[in-house]
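A.B. asks: Submitted below is the structure of interest, expressed as structure tokens.
The values are calculated or read from the model by the stated rules, or taken from the named source; none is laboratory data. Everything numeric in this text was worked out from a predicted model, so none of it was measured. With ideal geometry, Cβ positions are generated from the backbone for all residues, glycine too; neighbour counts draw on all protein chains shown. The protein model used for the area step is the full one, side chains on, heavy atoms only, and it has no ligands, DNA or RNA in it. Shrake-Rupley method; radii C 1.70, N 1.55, O 1.52, S 1.80 Å.
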Amino acid sequence: MENIRVELGDRSYDILIGNSILENTGTKLKTFNFSPKIALVSNELVFSLYGEIVSESIRKAGFDLLTVIIPDGEQYKNIETLQYIYNELLKYKLDRKSALIALGGGVVGDITGFAASTYMRGISYIQIPTTLLAQVDSSVGGKTGIDHKLGKNMIGTFWQPKLVLIDTNTLSTLEKRQFLAGLAEVIKYGIIWDPELFQFIEENKEKIIGLDSNSLNYIIKRSCEIKAEIVSQDERESGVRAILNYGHTIGHAIETVTKYTRYLHGEAISIGMCLEAELAQLLNIIEPSEVIKIKDLINHCGLPCYLPGDIDKIEIISSMYFDKKAVAGKLKFILPERIGKVRIEKNIPEEILKKTLKL
Ligand SMILES: NC(=O)c1ccc[n+]([C@@H]2O[C@H](COP(=O)([O-])OP(=O)(O)OC[C@H]3O[C@@H](n4cnc5c(N)ncnc54)[C@H](O)[C@@H]3O)[C@@H](O)[C@H]2O)c1
Ligand SMILES: [Zn+2]
């Protein structure tokens, strides 16, 4: 089992990675000073797969367990579901020393974290992420939230979990498309921070996609270490944390313009990473050979690299200005200088952007 520490002073916590972690949830919970009432939040699908093993372990450790099952899907990461969660917690009389446990992908993790951050002015929570995206990204770093009708993730808090439990066995039931979308974020860590991770994926992509346990452990561990390091330096994204948004300026615009139905997040940011690498090339920030390596890896991992002709590029540009990362009408781009190093650019001329999108 791997143990990675997220260093944030009195908000520090461990990320445990291994392949038989679920059945030890209860034992891990006992190491904290939680009250006996614990609530497990999950969705129908994930609960049907892993609910029993986690619940049994928690009950065996002597906790009094409430399970809160929410519907599956991003469209339920909203205020109505949140209200439902609060109702259940209040009915069950969860107290200020109780903890919530999020068992599921990023949707369950984000809404459970948000509920924990606001219930009785904030209680503890633990993440048990079950998608690759949640294991390498959303469960670490303390961003929580829900969607608003006018925008995704528009309501939220920074609220760090007390522990993250990553059981890599859960990936065996995940749909391949979801797995690859998570892999896009791992490729991102390689590009922004770690050329060795990038090379490892290049050389081991078949093994990774075939869920070879050593390869999975390595990419998940490295991703968590990198995210932990960045978050420790800049918890609230006032500086370096922004580099995690490589591929996301264009990627989010693609998701918005296609109304979140055509691409999974990881797919949209794959196109974003390719286009933002091309943008860097147009600005002479990066060698063309590096851009080819980036695009080849994304492509070889079965992820999209180009903007299809039927997507309105003018809409993509205007959508970028509405993004919550745009400040005072200025777009922020994270641009690669080479694999393993990026810089933050705030003043990109619109002509170059149009040229990147072939407008
Ligand atoms: N907080 C953050 O820092 C952060 C970062 C990135 C993304 N996010 C958020 O994460 C969400 C996306 O997360 P996601 O990609 O995990 O999507 P998701 O939570 O919707 O999960 C994807 C699908 O996989 C299913 N699933 C989950 N685990 C499974 C398993 N082990 N086996 C079979 N099926 C399983 C889910 O039920 C769902 O149908 C978005 O809401 C996004 O905004 C948050
Ligand atoms: Zn992302």
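A.B. asks: Within region 260-324, considering only helices (runs of 4 or more DSSP H) that don't extend past its boundaries, which have at least 2 residues that are under 24 Å from the mean Cα position of the chain (by Cα) and among the hydroxyl-bearing types (S, T, Y)?
C.D. replies: Working: elements: 265-282, 288-300, 313-322.
Hits in region 260-324: 313-322.
A.B. asks: Every residue in region 84-115 that is open to solvent by less than 10 Å² (accessible area, probe 1.4 Å), within 25 Å of S223 (Cα to Cα) and outside any strand (DSSP E or B), please. Steps first, answer last, please.
C.D. replies: Taking region 84-115 as the starting set, the residues that turn out to be open to solvent by less than 10 Å² (accessible area, probe 1.4 Å) are 85, 89, 94, 98-104, 108-109, 111-113, 115.
If we keep only those that are within 25 Å of S223 (Cα to Cα) as well, we get 100-104, 108-109, 111-113.
V108, G109, I111, T112, G113, listed by residue number.
Each row is one residue, and each column tells you yes or no for (1) within 12 Å of the chain's Cα centre (by Cα); (2) crowded, with 20+ Cβ neighbours inside 10 Å; (3) away from ligand 2 (no atom under 16 Å from the Cβ); (4) not in a strand (DSSP E or B).
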{"site": "L133", "(1), (2), (3), (4)": "yes, yes, no, yes"}
{"site": "T144", "(1), (2), (3), (4)": "yes, yes, no, no"}
{"site": "G156", "(1), (2), (3), (4)": "no, no, no, no"}
{"site": "P161", "(1), (2), (3), (4)": "no, yes, yes, yes"}
{"site": "I166", "(1), (2), (3), (4)": "no, yes, yes, no"}
{"site": "T170", "(1), (2), (3), (4)": "no, yes, yes, yes"}
{"site": "A181", "(1), (2), (3), (4)": "yes, yes, no, yes"}
{"site": "G190", "(1), (2), (3), (4)": "no, yes, no, yes"}
{"site": "K205", "(1), (2), (3), (4)": "no, no, yes, yes"}
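A.B. asks: To continue, here is another question. Select from region 35-75 the residues that are in contact with a Lys or Arg (Cβ under 6 Å, 6 or more places away or on another chain) and either assigned to a helix (DSSP H, G or I) or open to solvent by 30 Å² or more (accessible area, probe 1.4 Å) (or both) and list them in ascending order.
C.D. replies: Step one: filter region 35-75 for residues in contact with a Lys or Arg (Cβ under 6 Å, 6 or more places away or on another chain), giving 35, 61, 64-65.
Passing the criteria: only D64.
A.B. asks: Restricting to region 260-281, and then to whatever is β-branched (V, I, T) and in contact (Cβ under 8 Å) with a residue 24 or more places away in the chain, can you tell me which residue is nearest to ligand 1 (Cβ to nearest atom)?
C.D. replies: In the first step, residues of region 260-281 are kept if they are β-branched (V, I, T); the result is 261, 269, 271.
From the residues that got through so far, the ones that are in contact (Cβ under 8 Å) with a residue 24 or more places away in the chain too are 269, 271.
Values: I269: 10, I271: 16 Å.
Taking the candidates together, the pick is I269.
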